[in-house]
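Derivation of every value follows stated rules applied to the coordinates shown; laboratory data play no part. Source: prediction; values computed, not measured. No Cβ is skipped: glycine too gets one built from the backbone with ideal geometry, and neighbour counts run over all protein chains shown.
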């Protein structure tokens, strides 16, 4: 599938053994100097040779938050037919390895009826945030880890889940190898039980990128262990930050450039947002949080306020400003057909496995029409 030269480059980058790392990096650097081609450039060049009118087959994933049974089924209406997987977010992990269940029975039935694969998501989420302490307990307590793995497999079999996503976040940077060790334990067992396993990764641009959200996520090791990975390529513009595009193309591209250098591109699923934010200006750090807004709602709001929607050519995202009833200025960034087209172009350009949407339930009909126009969606 890949050209021989691409295979050799990726082999050098993803080679085995810590002792040979410096030698491999040196060889890779020499290759790039001689050929002026990074792995990402080679991949993009190969995929640019595809016929313009040829549709690629991809996998699509939609994350679902089943807060109530009725709302979960409603969020699936009109979109589940366009999805390869529906990821149920989330079964929360306790420190002792037990799971906090979710109300998923009705939504599971709807997903199966639509021919999509139900995906169970486990997280270290508790009390409104991801817990590094719970993650550490699971990684270091063999009894808790064993209990969790058994509970996951039993739940998947009982409920009819066919795939698992492991979404552990905000892990302490020094616990990176502990997390890798946990994945080395759980993934083979879940796969042996007959299920596909993926992991969620924070958007990194190099292995040196540290901190609570990035440091413990080892792209190369996840790519070796999991069937595929989901890159959370969104939230540059977030509710507590300054106004900007949620998923700006230049930043997403940097993440993909790094990702394809250490993970086979056919194992990479790019995240995409189905939402935007409405900020009140002037923005003040620690001040009022932005309100999440669906694309369809943003368009309706701009029309109601009589303002023109702008398009940022660099970020490849739409935005506008308006004044509320109290004469406060607001800035809104969201997604539209043009911004999603730019993201789909990256999926084609990098030859990725597919796209994962966060989060279902945000009205954006143009996305689904464009998705079917651009790709063949692989189903179970």
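Evaluate the distance, in nm, between pseudo-label points positioned 7 Å from the Cα of residue 305 and of residue 324 along their respective Cα→Cβ axes.
Between residue 305 and residue 324, the simple spin-label model gives 1.0 nm.
May I ask for the Kirkwood hydrodynamic radius of the chain, worked out over all distinct Cα pairs and given in angstroms to one decimal? Numbers along the way, then the final one.
Numbers: mean 1/r = 0.0458 Å⁻¹.
In the chain this quantity evaluates to 21.8 Å.
Students often get this wrong: which residues of region 64-89 have the backbone nitrogen under 18 Å from the point 7 angstrom along Cα-to-C-beta of residue 103?
The answer is 64-77, 88-89, whose backbone nitrogens lie closer than 18 Å to the label point.
Going by how many other beta carbons lie within 10 Å of each one, how would you line up 340, 232, fewest first?
Numbers: 340 25, 232 20.
In order of increasing Cβ crowding within 10 Å: 232, 340.
What full-extension length gain, to one decimal in nm, is calculated for residue 296 and residue 220 as 0.36 nm per residue of separation minus the Cα-Cα distance?
Details: separation 76, 0.36 × 76 = 27.36 nm, distance 3.76 nm.
Once the chain is fully extended between residue 296 and residue 220, it gains 23.6 nm.
What spacing in nm lies between the two simple spin-label points modelled at residue 96 and residue 238, each 7 Å away from Cα in the Cβ direction?
About 3.2 nm, to one decimal.
Provide 59, 217 in ascending order of the number of other Cβ atoms located within 10 Å of each residue's Cβ, fewest first. Working shown, then result.
Values: 59 19, 217 26.
Ranking 59, 217 by Cβ neighbours within 10 Å, fewest first, gives 59, 217.
Evaluate E = 1/(1 + (r/R0)^6) for residue 341 and residue 112, where r is the Cβ-Cβ distance and R0 equals 45 Å; express this FRET efficiency to the nearest 0.05.
Values: r = 31 Å, r/R0 = 0.69.
The calculated FRET efficiency here is 0.90.
Sticking with the crude label model, points 7 Å out along Cα→Cβ, report the distance from residue 212 to residue 266 in nm, one decimal please.
Distance between the two pseudo-spin positions: 3.9 nm.
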